[in-house]
Each structure stands twice: as C-alpha cells, then as structure tokens.
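Report on the structure given below.
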Amino acid sequence: MNKIEKQVLENITPSFEYKKNIKKITQEINKKLEIEIKKRRLLVTIELVGSIAKDTYLKNDLDIDFFIKFPTKYSKEEIGKNALSIGKTILINTQESYAEHPYIRGYFKKFKVEVVPCYEIENASQKLSAVDRTPLHTKYVKKYLPDSQKPQVRLFKQFIKGIGCYGAEAEIEGFSGYLSEILVLKYGSFKKLIEYAQKWKSGEKLTLTKGDYPSFETPLTFIDPVDTNRNVASAVSKEKFDLFIKACREYVKKPRITFFFPKKVKPWPLNKIKKEIKKQKCQYAGLSIKKPNIISENLYPQVRKAVKSIQEICRRYDFTVFDAKFYINNEIYIIIKTKIEPLSKTMKHAGPPTRLKENIDDFIKKWKNDQRVTKEPYEKNGRYYVEIKRNFTDIKDLLTVQIKSLSLGKHIDPVVKHKYVVLKTQDLINNNLRMFWTKYLDNKMSWER
C-alpha cells in the first residue's frame, strides 16, 4: 500500500475499543429482540448480518442490520407485521420501509438499525423473497474472505464512497457492500481491483467460479456465488459505472487523498452562478414540485421516470434538450437545458411517399379542414408534406399545459395535479439550488475540487 492508502486505513478502521462498543450494542439489541420474540411466542431465530457481522464496516459509518428468520409456515403478511411491531418497540424514530414485505428502520442509542424479517433457508433455491439471501451472503463472506483482505475491502468501500458510488439504494444506484466484498475477493486487493477495473467496458461480466450463467443487460454483471441466477451488480447505473471507471483510471495515474475524502463543496454566490449560465449561451426551464412524503427507495425511481417523461414530451414537440437533471431538497426540481431560440410558429409535417396512393388520399383528407394548416399538402422529393401551426413555441408554455397529462410516478402525479410551478432560467437561479448549480457548472470531479 502507498502512504495515502495507509493514511486512509488509519482513519476508517475501527479500533479495538470501537469494535468492543459495537459488540456491546449489538448484544443489547439482540437481547431486546429475544425478549420481544418470546413475548409473541414466535418460532424464529435472530441473525446479525451485513458489514458488522463480516467485520468489513467503516468506522463512524455503519448500519446495524438484524434479520429475524421465520420458518416458511408463516405468511409474508405475518412476518412483516411481527417485524414492524418488534422494531417499533425497541427502536426510536422509526420508519417503515418495504422490500417484498415490510421492514423497519430506526435508531438505538444513536446507531442506525434495521430489523428485517426473512425466511430461514439453507440455499438460494428455497428463497421466497429477495431478502432471504442476505444471511447466506453474510455466511459466504465470513467463510471465504480472509482477515488479510478485510482492510482491502474497507479501502475499496471508502474509495467508492468518496467518489459517490457507494450504495445500491435508489438514491445512489452504485455498489453495494456485498458487491464490494466479492470484488476484493475476486481480485485479492484494492490495488489489483482498481487496476483491472480501469479497463472495464460496459457489459463487463464477472464471476468467482467458471460456469454457464445467465446474461444480464446491465453495465456490470457479477454473478452471485450464493444464487447464480442473480446479478449482484444489477443496481449499478450506467452513470455510476462510467464514473467509477474514470475514477479508477485517474487514481492509477495519480493517487490522491481526495478520492477517499473529497473536499466539502462550498456553494457559489448567485451572481457567479448567473454569470456562468450566461456564458453557456443556452437556457434552462424547470419544474418545482412538492416532495411527497415517501421513502427514498420509492421517491428516486419516480423522479427519474418524471425526468424521462418530460424529456420525451419536449423532444416530441421539437424542443432541443441538451441535458436534463433533478435535484431534491424540500422540493423536487427538474431542470431542462435547451436552446435559447423559441421554435418557429409553423412546422413541416411529413406524410407518405408519393408511391402510396391510398395513403396520400388519407393524408390529404385528414388535413383538408384542419384549422392548424398554413400550407396545404404538397409533394416534394417523392413525399407529401403539410405545414401546420405549432401548438407550442416556448418550452415553458409546453410544460405548463402538458405536465398534468404525463405519467410522472405513482406518488408524484397526485402532487402535480394539485400544485406545481414552471420555472424559467432566472427563476431557477435561487438559494435552494445553489448547491446544484455549483456542482453542475463547476464541472469538476469530486476528487479534483
């Protein structure tokens, strides 16, 4: 390891005293779980899973995950109901979440804790829900990951955390803890993993053992050694895959502490943002939507769907979309980068080729009495055309009128039907969006700042 990596490890590796305290906390939680299970006369077992159980967690950045393993005779409704009830009894500031069946998040003495129900299985072929595999993942890593590689896992986790790629949740769309562990298991060390990963191409397929495995249409595939029908890297988006490879290449060229611990971004003043936008010779349009009160796992996929729907309708009405982003704080902001010029008042609409006589007759008949027509159907270069008035020449008008007709997401649609605000460039330059604009316009990678 180089000096930087040794320094990083000193910062992120839990001390003996820290581990001792975590062990004490997990034992307390385990005892409380046992008491609640006994009260309910449940025939279940408790298991600590995840990075704490595998000793691959980062100091001051850990979740304590307890799984309550139920026999298959219990229904999904029963296991969810019991887990929620138990979790609410022993945790504070709880929040219900969902992964095929409910589970609960909360806090115990300032530590983040999840209590998750699953079915007790011996192998993945017996699974009744996706989370049933998690104890098998913990068992696999504990069995095959040697102690010598645990610091390498910690280094890798801090690296992907620093570049913004750590976490398989919908908000991040990056690398899970389990994926991080089996990647180190495959390549043996942080250094070798980074060196190999810099050469990955989209569609990269990895396994720990040779065999005939299913294919997945994802940027990265890593066949789960516990369940060979599953891709451990399915959550990794194209954006995060590309970012990761770029970071690996840059790190191999020039290692820096900022890959692991990037500098905190200081938001630019509004006048600087205004000047930078003016230099771009483009305009922005956007929407401000009240954020629905739902968990991140449900919110982010819907916001991405909304961005895609808005892009599509803008392009359908001939607006040029250079880029589309979103930013979430107390509001959901969807921001479209487009040309400054308004569209022409009329547009040429293509009809059928001249050889298709029947289609031409239908085309002429369709447009004959349409009030939008400014130039009747005519033939040019072997095809018929008609010129018509545009419905929208300004993107703000398009969004104002059409937004309610779009499918933006199960929880976003009702909010939009009640209230939304369409914003022009000048409206988007506000204090709520200073951090968004700083990162977007600065155009530097996290490790370069």
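Observations on the model:
- Of the residues Lys305, Lys275, the one with the fewest other Cβ atoms within 10 Å heads the list, and the complete ranking is Lys275, Lys305.
- The chain: C-alpha pair distances exceeding 30 Å, %: 58 percent
- Once you reduce segment 75-117 and segment 134-160 to the center of their Cα atoms, the two points are 25 Å from each other.
- Where Rh is the Kirkwood radius over Cα pairs, Rg/Rh for segment 145-262: 0.94
- Local electrostatic count, Lys396, Cβ distance below 13 Å [Lys/Arg +1, Asp/Glu -1]: -2
- The chain, dipole about Cα centre (Lys/Arg Cβ +1, Asp/Glu Cβ -1), debye to the nearest 20: 1400 debye
- Total formal charge among the other residues, if their Cβ is under 12 angstrom from that of Ala168, Lys/Arg +1 and Asp/Glu -1: -3
- Label positions at Arg256 and Ser344, each projected 7 Å from the Cα along the C-beta direction, are separated by 4.8 nm.
- Taking a sphere under 10 Å around the Cβ of Ala197 and counting the other residues whose Cβ falls inside, with K and R at +1 and D and E at -1, yields a net charge of +1.
- When Rg and Dmax are taken over the Cα atoms of segment 379-427, they come to 16.8, 49 Å.
- Gain upon complete extension [Asp413, Asn359; 0.36 nm per residue less C-alpha separation]: 15.6 nm
- The distance linking segment 10-37 with segment 376-392 is 72 Å (Cα centroid to Cα centroid, whole angstrom).
- Taking segment 61-97 and a reference point 7 angstrom along Cα→Cβ of Leu128, the backbone N atoms nearer than 17 Å belong to 67-84.
- Translational diffusion of segment 333-449 was estimated from the Stokes-Einstein equation, with Rh taken as the Kirkwood radius over Cα pairs; at 10 °C and 1.306 mPa s the coefficient is 86 µm²/s.
- Rounded to whole Å, sorted largest first: equivalent-ellipsoid semi-axes of segment 346-389, Cα gyration tensor: 17, 12, 6
- With Cα atoms, 0 to 90° folded angle of helix 3-12 axis to the chain main axis: 70 degrees
- Descending semi-axes in whole angstrom, ellipsoid equivalent of segment 16-143, from the Cα gyration tensor: 22, 18, 13
- Segment 1-63: C-alpha pair distances exceeding 20 Å, %: 43 percent
None of the figures in this text is laboratory data; all of them are computed from the coordinates on show. The shown structure was predicted, so the numbers you read here are calculated from the model rather than taken from an experiment. Virtual Cβ from ideal backbone geometry, glycine too; neighbours counted across all protein chains shown.
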